[in-house]
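Asks: Below is one structure. I have some questions about it.
The values are calculated or read from the model by the stated rules, or taken from the named source; none is laboratory data. What you see is a predicted model, and the numbers here were worked out from it, not measured in a lab. Because the Cβ atoms are built from the backbone with ideal geometry, glycine has one as well, and the counts that use them run over all protein chains shown. Calculation scope for accessible area: heavy atoms of the full protein, side chains included, ligands and nucleic acids excluded. Shrake-Rupley method; radii C 1.70, N 1.55, O 1.52, S 1.80 Å.
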Amino acid sequence: MGLLTPSAGLLFWMTIAFGVVFFILAKFAFPVILGSVEKREKYIDTQLDAARAAEARIAGLEEEGKQIIADAERERVNILKDAAASRDKIVGDARETAAEEAARIIAEAKKQAGEEKEAILASARGEVAMIAMQMATKILRGQMDDAQAQKTLQEILAGEVQN
Amino acid sequence: MMRRTVIMVFAALLMLAAPQPMAASGHDGDSFSPKELVMEHLADSYEWHIVTVKGHELTVPLPVIVRSSTGWHIFSSNKICHGGSYNGLYIAHEGKYKDKIVEDVGGQQRRPLDLSLTKTACGAIFSMLVVMILFLVAARAYKKRDEVDYCPRGLAGLLEWLIDSIMGSVIKPCVGHNYRKFAPYLLTAFFFIFITNLLGLIPIFPGGANVTGNISVTLFMAVMTMLAVNLFGSKHYYKEIFWPDVPLFLKAIPLMPVIELVGIITKPFALMMRLFANIFAGHSIILSLCCMIFLTAHMGAALNGSMTVVALLFMIFMNCLELLVAFLQAYVFTMLSAVFIGLAQEH
């Protein structure tokens, strides 16, 4: 059957035509197109990677910012707490010191006052004794003019001493 | 496959039915023969017939290149196509070499070496040119600009999409890691078959030639695949053929090597027959449907009119189907070639 018999001429022309087209396309067309597709694929991949990395970095920065804010908050609370504690301590200390000082001053004052009182009393006693002596001397000088009077006095004094 | 079988049976029935109305109309001098018309289209010819207007044929004469007993002869086909003879060369009208150029040597018809640019050869070369121009134009679009800047548009975008889908769905998975080496051949084969199939569906010159429905063309493509498979086959592939892992008695006879060697031929043979039969059947069905209009021309206006409508609807349907087949057959050819190549590669 004619339709199923290959013809030499057609095979010859097919070889030439297909060979030439195959050679030209394999050299000038397909490498360019396939290479460009591949290059673009790689480019898109690297761009996606870069975008992903940037996103991760932004997320990291956000996290870091939150961390910093939280740290600062904690620090503030700590500082306030410390401040309150030291304030209380200072006030307490001051109060204590003041109380001690007051007690000491009072004690000292008391002691001094006692000592002064003693001294005053002692000097007052001396004074009184002196005055009494002078008065007694004056009185005695007045009364010792007569012997009677001397005698009576002697008796009185002796009686007093005896008592 | 089921659908194709149905279509083939339908076409065969149409062909069987054709002679009856023809015989009926034969006596009134009108000798319209659908079988002849369809076969004439499907077979190769030395000239490219475009249209016949009122008995006047409009044809494109093609160069005839022949080496006969008197040496090389190159001349236009219109010198011999209508019963003429040139340097003792003429076209046989019957016998073994029907419709082929022959010469008489010693009273016997002899076929010279015939390298004529026939209709099929010209159709093939034309679609090769189309493929080449399409891809060179597309490749130029890439060279002109930085390829990472934008997606390609227009022709380059279309072809890139096609190439990428064939690369991604056929060549890479079927061939395996060595796919780069075979991609140019497989892509050229795919686009040649695809574009040729599509051009074959266009009924106007220079389309409409039955190129991929010609056994020589599909034989050539199948041989190309066979060469790609066997010339680049791995050691492992050849060991599987000549010394496979089977019991020794199967190799000693040697049954398995013979089967494997037959397999080398049958794989491309199946490729050749599949493409040929599909495109051949498609062309014959569309032409047969077209013939229905003219076959019913003598059967009255009502029958002829309704058959024209029916035939037209069927032809539109068939053309749509053939568009699918045009892609499918190119795809199947490429995919099976890629699978055969992949099987012969290292894994």
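Asks: What ³J(HN,Hα) values, in whole Hz, does the Karplus curve 6.51 cos²θ - 1.76 cosθ + 1.60 give for segment B:127-135 when θ = phi - 60°, with x put for Gly and Pro?
Replies: 6, 4, 4, 4, 4, 5, 5, 3, 6
Asks: In segment A:1-22, which residues give up 50 Å² or more of accessible area once the other protein chains are added, compared with their chain alone (1.4 Å probe)?
Replies: SASA drop of 50 Å² or more in segment A:1-22: A:Leu3, A:Leu4, A:Leu10, A:Leu11, A:Trp13, A:Met14, A:Phe18, A:Val21, A:Phe22.
Asks: Given the peptides B:210-223, B:39-52, arrange them by the average over their residues of other C-beta atoms within 10 Å, most packed first.
Replies: In descending order of packing, they fall as B:210-223, B:39-52.
Asks: In nm², what is the average projected area of the convex hull enclosing the Cα atoms of the protein assembly as shown?
Replies: Average of the hull's projected areas for the protein assembly as shown equals 67.7 nm².
Asks: Please list, in chain and number order, the residues 5+ apart from B:Ser116 or on another chain whose amide H is under 5 Å from its amide H, with Hs placed from the backbone.
Replies: Amide H neighbours of B:Ser116: B:Ile65.
Asks: Over the whole of B:124-131, what's the average partner chain Cβ count within 10 Å per residue? Rounded to a whole number, please.
Replies: Neighbouring Cβ atoms belonging to other protein chains average 5 per residue here.
Asks: Mind listing the phi-derived Karplus ³J(HN,Hα) values for segment B:318-335, rounded to whole Hz, using 6.51, -1.76 and 1.60 with θ = phi - 60°, and x for any glycine or proline?
Replies: Karplus-based 3J(HN,Hα) across segment B:318-335 equals 5, 5, 5, 4, 5, 4, 5, 4, 4, 6, 4, 5, 4, 5, 5, 4, 5, 5 Hz.
Asks: Hey, got a sec? Which GluC sites (Glu not before Pro) in segment B:48-155 land in a DSSP loop and have at most 13 other Cβ atoms within 10 Å?
Replies: Filter output for segment B:48-155: B:Glu94.
Asks: Now a separate question. Which percent of Cα-Cα pairs in segment A:16-125 sits in each 10 Å bin, short to long?
Replies: 11, 12, 11, 10, 9, 8, 8, 7, 6, 5, 4, 4, 3, 2, 1, 0
Asks: Right, here's the next one. Assuming 1.306 mPa s and 10 °C, estimate D for segment B:35-82 with Stokes-Einstein, Rh taken as the Kirkwood radius over Cα pairs, in µm²/s.
Replies: Answer from the Stokes-Einstein relation: 130 µm²/s.
Asks: Taking the Cα centre of segment B:40-168 as origin and charging only Cβ (+1 Lys, Arg; -1 Asp, Glu), how large is the dipole, in debye to the nearest 20?
Replies: 240 debye
Asks: Of B:Leu321, A:Ala59, B:Ser116, which is farthest along the charge dipole of the protein assembly as shown in the positive direction, counting Lys and Arg as +1 and Asp and Glu as -1 at C-beta?
Replies: It is B:Ser116.
Asks: Classify segment B:63-114 as rounded, prolate or oblate from the Cα gyration tensor: take a ≥ b ≥ c as the square roots of its eigenvalues, call it rounded if a/c is under 1.5, otherwise prolate when a/b beats b/c and oblate if not.
Replies: Taking the square roots of the gyration eigenvalues as a ≥ b ≥ c, segment B:63-114 is oblate.
Asks: Can you give the Rg and Dmax of segment B:243-347 based on its C-alpha atoms, in angstrom?
Replies: According to the Cα coordinates of segment B:243-347, Rg and Dmax are 23.1, 74 Å.
Asks: Leaving out ligands, DNA and RNA, calculate the buried accessible area for the pair B and A with a 1.4 Å probe, summed over both sides, in Å² to the nearest 100.
Replies: 3700 Å²
Asks: A further question follows. Taking all protein chains as present, what is the carbon and sulfur share of the accessible area of segment B:119-345, in % to the nearest whole number, probe 1.4 Å?
Replies: 76 percent
Asks: By its C-alpha gyration tensor, with a ≥ b ≥ c as the square roots of the eigenvalues, how is segment B:84-145 shaped: rounded for a/c under 1.5, else prolate for a/b larger than b/c, else oblate?
Replies: Note, shape of segment B:84-145 comes out prolate.
Asks: Further question on the same structure: May I ask you to derive the relative contact order of chain B, considering only C-alpha pairs under 8 Å and at least 6 residues apart, and to give it as an integer percent?
Replies: Rounded, it is 19 percent for chain B.
Asks: Here is a follow-up. Of the peptides A:37-47, A:22-32, how do they stack up when ordered by the mean number of other Cβ atoms within 10 Å, highest first?
Replies: Going from most to least packed, we get A:22-32, A:37-47.
Asks: Using a 10 Å cut-off on Cβ atoms, rank the peptides B:275-284, B:226-235 from the highest mean neighbour count down.
Replies: B:275-284, B:226-235
Asks: At 1.4 Å probe size, put B:Val262, B:Val102 in order of accessible surface, largest to smallest.
Replies: The residues order as B:Val262, B:Val102, largest area first.
Asks: Moving to a separate point now. Residue by residue through B:94-105, how many Cβ atoms from other chains fall within 10 Å of the Cβ on average?
Replies: 1
Asks: Shifting gears a bit: For peptide B:219-228, compute the average count of partner chain beta-carbon atoms within 10 Å of each residue's beta-carbon.
Replies: Rounded to a whole number, the mean comes out at 3.
Asks: Taking amide H positions as placed in the peptide plane 1.01 Å from N, state which residues far from B:Glu47 in sequence (5 or more) or on other chains have amide H under 5 Å from it.
Replies: Residues meeting the amide H criterion: B:Lys119.
Asks: Send over a whole-number figure in Å² for the accessible area per residue of the protein assembly as shown, probe 1.4 Å.
Replies: 60 Å²
Asks: Based solely on C-alpha atoms, express the radius of gyration and the Dmax of chain B in angstrom.
Replies: Cα radius of gyration and Dmax of chain B are 24.1, 74 Å respectively.
Asks: I've got another one for you. Determine the share of chain A's accessible area contributed by carbon and sulfur atoms, expressed in whole percent, with a 1.4 angstrom probe.
Replies: 63 percent
Asks: Tell me what chain B gives for mean residue ellipticity at 222 nm when only DSSP H runs of n ≥ 4 count, each as -39,500 (n - 2.57), the sum divided by the residue total, rounded to 500 deg cm²/dmol.
Replies: Result for chain B, helices only: -20500 deg cm²/dmol.
Asks: Shape verdict for segment B:37-173, please, from the Cα gyration tensor: rounded (a/c under 1.5), prolate (a/b greater than b/c) or oblate.
Replies: Verdict is prolate for segment B:37-173.
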